[in-house]
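A quick write-up on the structure given underneath.
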Amino acid sequence: GKGFRLNVVNAIWGQKDYKFLSAYLDLLAENYGAGLRVLDFISDPNQSREIINQWVSDQTEGRIKDLIPEGGINIFARLVLTNAIYFNAAWKFPFEPEATINGQFYLIDGNDVIVPMMNQTEYFGYAKSDSYLAVELPYDGDELSMVILTNETGKFSDFENALTFFATVEAIINDLQSTRVALTMPKFEFESEFGLKETLMGMGMEEPFLDSADFSGMTGNADLYIQDVVHKAFVSVDEAGTEAAAASGVIVGIVSIPPEPVTVTLDHPFVFLIRDIETGAILFIGRIMNPGE
């Protein structure tokens, strides 16, 4: 009954007594709501790491812990930028826990695992073509939704690679139509962790990680470069919603015989997006390869 919670926060942590340009600090405050928080990376890098990690944990209600690993901050660090996002919402149409039964989920290597599979029949956004299958599950309030994307050919890698461009995903979402769907999907919960330095350099963002980087707009001197970029995420989906412990049910009456539902069984790998419906902004993106792990 409290609606969804979506917290997006930024913080910048700077070395004690290190001189940053006032114009840079003003820009952070005006555009990102992030004031400079002072730490002493030189004297106690590990304590600085623990303070930052505690802040991230607090902002994500304890779901993201130890964002920066041990040794991730050293005495040469001068600046740490942190961004945290926390999302908690109930489904508009919760699944009945009594309808959850164990079922097979087929892996890309040909094996399968037995996992709890949720079931319900409801009107959802639905689209299907020769190359994809899409279902949209709204969250309570109709402001955010989860879009699930997969295919039925068994060639998940080819399908996933075809989603490289945002325009492809946007086109699929635009094709969604309200349809009565008999949906079966797994419960899942996972935590993922990435070091993004190599990925970003491979995408062409090389200069910021080299000694020749120029961040003089921050300090007036070209003496800074990026040591690493780390990312960590937690996602939990159950009958009540996403990272939700409970939800109230809403019963909607119908006055005519409903159409025969289409059957969607998500018993193989899929991609999911959590998005803001009005703006189209994607808040989370992930893939479920094995909900049993």
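Coordinate-derived values only; no laboratory data. Given the structure is predicted, the values throughout are model-derived calculations rather than measurements. All Cβ positions, even for glycine, are placed from backbone atoms using ideal geometry, and neighbour counts span all protein chains on display.
log₁₀ I(q)/I(0) of the range 126-207 at q = 0.13, 0.23 Å⁻¹, via Debye over equal Cα point scatterers, no solvent, to two decimals? Values, matching the q order: -0.59, -1.23. Around Ser131, under 14 Å between beta carbons, what's the net of Lys plus Arg minus Asp minus Glu among the other residues? After counting each charged neighbour, the total is -3.
Taking all Cα pairs closer than 8 Å and separated by 6 or more residues, the relative contact order of the chain comes to 20 percent. Report the number of Lys pairs in the chain whose alpha-carbons are under 20 Å apart, with separation of 8 or more residues or on distinct chains. So the count works out to 5. Taking Cβ atoms as reference points and 15 Å as the exclusive limit, the residues near Leu183 contribute a net charge of -4, counting Lys and Arg as +1 and Asp and Glu as -1. For the range 79-185, the spherically averaged projection of the C-alpha convex hull amounts to 9.7 nm². Just need log10 I(q)/I(0) for the chain at q = 0.07, 0.08 Å⁻¹, Debye formula, equal scatterers on the alpha-carbon atoms, no solvent, rounded to two decimals. Here log10 of I(q) over I(0) equals -0.35, -0.45.
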